[in-house]
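One structure, pasted below without further comment.
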Amino acid sequence: MRFALLVAWREYAENAKTKGFWLGILLVPVIIFFSVQVPLWLEMKGTPTRYFVLVDQSGLVGPVITARVERDYQREVWRALKEYARKYGGSNTGEAPSLDQFINQGGQDAWLAELTPGLRPDAPPFKAPRRAFELVALPSGVNPEAQLPALAQELKPYLRGESHTELHGQDIALNVAILVPRDLAKQIVRSPGATTPTGIEYWSDNLADSRLREAVEETVNTEIRRREYLARGLDAAAVRAVEQTHVPVSSLNPRKESGREAVGAADIIKQWAPSAFVYLLWVAIFAIAQMLLSNIIEEKSNRIIEVLLSSVTPGELMLGKLLGIAAVGLTMVGAWILTLFAVLGWKTAGAVGTAVVTGPILDVLQSSRLLPMFGVYFVLGYLLYAACILALGSVCNTLKEAQSYMAVITMIMMVPLLTLTFIPKDPNGLLARVLSWIPLYTPFIMMNRAMADPPWIDLIGTLLLLLAAVAGALWMAGKVFRIGILRTGQPPKLLEMLRWLRR
Amino acid sequence: MAGPQLVNAKATTGAAPLEVRGVTKLFGGFRAVDDVSFQLPAGAIYGFLGPNGAGKTTTIRMILEIIKPTSGSITVLGASSALQVRQRIGYLPEEKGLYKKMKNWAVIAYFATLKGLSRAAAKRRAFELLERYGLKDFATKPTEALSKGMGQKVQMLASIAHDPEFVILDEPFSGLDPVNQQVMEDIIRDMAGRGRTILFSTHVMQHAERLCDRILLLAKGRKIFDGTVAEAQRTLPRRVRIETADNIAPLTELPEVAAVRPLPPTSDDREGPVAAWEVELRGAADPQAVLQACFVRGIRLRSFNQSEPTLHEVFMRLVGPEAREVAAR
């Protein structure tokens, strides 16, 4: 055992020095970090404030559009303040106001003034979110009364970024122009099929960001319909009341305790979190399986193996390798999971607005059995594949030779990846259950089913089968390894290897 | 022609470091080693000779218990398995290789720890050896930075870092330049001087001739010869080289002479070309008898050289195309 540990220690120390190991350690956390951070950046910094001009020659919809944009902005401020109050509010944080209360009671300044006395001493000053859209005045010299084609022609250089206008003394590029024609009332479409008039002109070179366009469309149409109701003699208050009626649709999960069946963000995360772990499991096992292979081949092709075998038994050598490389893998996976927790924890505690997503993820990870299952399946899955790799590596003389066989193992390993997204959709379905009982796939598929309460027979049965498979594979690998490791020349035929097992 | 008398190793006092008894190894139907027996006296330098495919490496692997013999038994340092005494054995395999990315001191230290040295002692020893054999500057460089010969030296150091009692070296000289061959010879002599037993295989007869106390000759898996270098030389008839312008026919009639063969004529001198002859003697005949016969029969000699056959000649004779199997026991 002492010698196996010496071998393991060398494997660990040498592999821990390789670039691949550090790339593996660093790359995955970097990916995790960016996959959490980038969408936020894109939201906060990536899309800068977009400046728009609004020319309403009809005089019908201008105010509702500006009101809508303002209300959307106030909702952002309200959300940010709610988060701020939750985090730093301290003692006298009462019930948060509704959005309407917030706006009617004086908005940001009023609520902040109310919050300030009770704020925790370490609270940073509140930073209001940036406006997504900001209305600016028409560039000087542009005539708002001109015909729309002429007006558009005048605005085009600004929209193309060739000319700049000014806001608060700073040069800014104009992103959007909303031009409402004088005869808007005549351009209302009342029956389907009639020729569609141009209506309101929305000028922008950015087709991807449709938020403002949708807001304009929705607001204007609501306003137009409201005017229609009034024109037909309906009561404005009644119309408003009718507009607010709606029936909610709730998602419920039959697997949850009664009374708590409501499906929330956490449930959706729970459904998909296992897939993330399957992916992590796959990457980890694949990476260290490769490491193990190139490692054995190096010893074999360099004939170092012979010196080793004059000092340790093949059993000790194999055990040492398994342990050493497992330790490398665990270090790597451990670093990944720690980073994941660190990033999630930091995001949940830190920046405003992100806790909505990261909080539930963290809760799910901490409360569920995902992590212990990941640990168990990582170790067992690793051992099973490592046994195959050890046997394979011991009979090949060069990495090139081994790689053609490795391709087969890679192909076998592709199945869990291909089913990665199918399994969570039907976690206890036939496909999932059948694949679970194939030891090579058990770790991946059962991991993917982890949050779907698979039947106990599946959970325990597949685990026992996997354990048996690991024991069997290690036994066979030991036999093949013992003989194969000293062989040179052509890799043996399968039949020949089967004969080795009987020795 | 009298069959040379081959003497088996005399019983040595104390436990022999290695005893190989009737060992046979079959690979499928192929007899790689066929009923080989020999014994190593303690403190000896033992040469393991034989052409390619003679079964040297297979025998060495069996001694080290890397592979198991099909039949027969091996006792190493008093143990029935080399694994029980592996910490007292050093081994340099035929095909040399090192971990490419590992530092030189670390490789030596690693193999030393596998032989039971503590980590600290192994490290100290590694630096000490590298310094002693002129590789100090490479101690903290990866092994891939070494030339082939230097790499081989490092591997040699790695195999003896734990100061083993019994060292097995498979082709230690192959691939080394003359300077490093000398270094290798010095290492071997130094170990033998400290009472270590060394078994090394080689193709190069000069090394064996210079270093070995005893040699074992294998061919096609079977033992051909086992004994001292002098004994090996005695397996070939003694020869005398003479140069004369006279007729040497009378010599062939001597009872001591087995054959007379012409050699290419040598130096021209004032009296014109002089013929050279090789006179092969019978059995234990004394070369002096030839000299006396020449004198008696008036054959004027330009030169008379009495030479012992080289190990190379012995080797060629014993395992060459016309090789005869000499009674091994």
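Of the peptides A:307-313, A:423-429, how do they stack up when ordered by the mean number of other Cβ atoms within 10 Å, highest first?
A:307-313, A:423-429
Counting only other chains, what is the mean number of Cβ atoms within 10 angstrom of the Cβ of each residue in peptide A:297-308?
Average per residue, whole number: 6.
Mind ordering A:411-421, A:319-329 by average Cβ neighbours within 10 Å, highest first?
A:319-329, A:411-421
Still on this structure, I have one more. At 20 °C and a viscosity of 1.002 mPa s, what translational diffusion coefficient does Stokes-Einstein give for segment A:157-261, taking Rh as the Kirkwood radius over Cα pairs? Give it in µm²/s as a whole number.
117 µm²/s
Among A:Ser140, A:Leu362, A:Leu115, which residue has its Cα furthest toward the positive end of the charge dipole of chain A, with +1 on Lys/Arg Cβ and -1 on Asp/Glu Cβ?
The Cα lying farthest towards the positive end belongs to A:Leu362.
Report the percentage of all Cα-Cα pairs in segment B:38-130 whose separation exceeds 19 Å, rounded to a whole percent.
Tail fraction, whole percent: 54.
Related question: Under the definition of partner shielding as Cβ atoms of other protein chains within 10 Å of a residue Cβ, what is the mean value for peptide A:309-318?
Taking all residues of A:309-318 together, the mean is 6.
Can you tell me the length gained on complete extension of the stretch A:Ile460 to A:Arg369, counting 0.36 nm per residue apart and subtracting the Cα distance?
31.3 nm
Further, regarding this structure: Take the Cα atoms of chain B, find their three principal axes, and give me the spread along each one in whole Å, biggest first.
So the extents along the principal axes, rounded to whole Å, are 77, 48, 38.
How do the peptides A:385-396, A:178-189 rank, highest first, by the average count of neighbouring beta carbon atoms within 10 Å per residue?
A:385-396, A:178-189
Using a 10 Å cut-off on Cβ to Cβ distances, tally the other chain neighbours for every residue of B:58-67 and report the average as a whole number.
Mean number of neighbouring Cβ atoms from other chains: 3.
For all pairs of alpha-carbon atoms in segment B:177-237, what percent lies in each bin of width 5 Å, listed from the first bin to the last filled one?
For segment B:177-237, the pair-distance distribution reads 4, 15, 25, 25, 16, 11, 5, 0.
I'd like the FRET efficiency for A:Lys19 and A:Ala146, computed as 1/(1 + (r/R0)^6) with the beta carbon distance as r and R0 of 51 Å, rounded to 0.05.
0.20
If every alpha-carbon in segment B:121-233 counts as one equal scatterer, what log10 I(q)/I(0) does Debye give at q = 0.09, 0.11 1/Å?
With no solvent term, the Cα-only Debye profile gives -0.28, -0.40.
List the lysines whose Cα sits under 29 Å from the Cα of A:Lys82, skipping any in the same chain fewer than 8 residues away.
Output for A:Lys82: A:Lys45, A:Lys127, A:Lys270, A:Lys347.
Quick check on segment A:363-503: take the gyration tensor over C-alpha atoms, sort the square-rooted eigenvalues as a ≥ b ≥ c, and tell me if it's rounded (a/c under 1.5), prolate or oblate.
prolate
Using the structure shown, select from A:Lys479/B:Lys153; A:Lys17/A:Lys479; B:Lys25/B:Lys153; A:Lys321/B:Lys56; B:Lys56/B:Lys148; A:Lys400/B:Lys25 the pairs with a Cα to Cα distance greater than 28 angstrom.
Flagged as over cut-off: A:Lys479/B:Lys153; A:Lys17/A:Lys479; B:Lys25/B:Lys153; A:Lys321/B:Lys56; A:Lys400/B:Lys25.
Something else about it: Taking one equal scatterer on every alpha-carbon of chain A, how large is log10 of I(q)/I(0) by Debye at q = 0.09, 0.10 1/Å?
-0.86, -0.94
Per residue and in Å³, how big is the convex hull formed by the alpha-carbon atoms of segment A:49-243?
Cα convex hull per residue, to the nearest whole number: 164 Å³.
Every number here is computed from the coordinates shown, using simple stated rules; none is lab data. Bear in mind the structure is a predicted one, so any value in this text is a computation, not a measurement. Cβ coordinates were reconstructed from backbone atoms using ideal geometry, including for glycine residues, and neighbour counts include every protein chain displayed.
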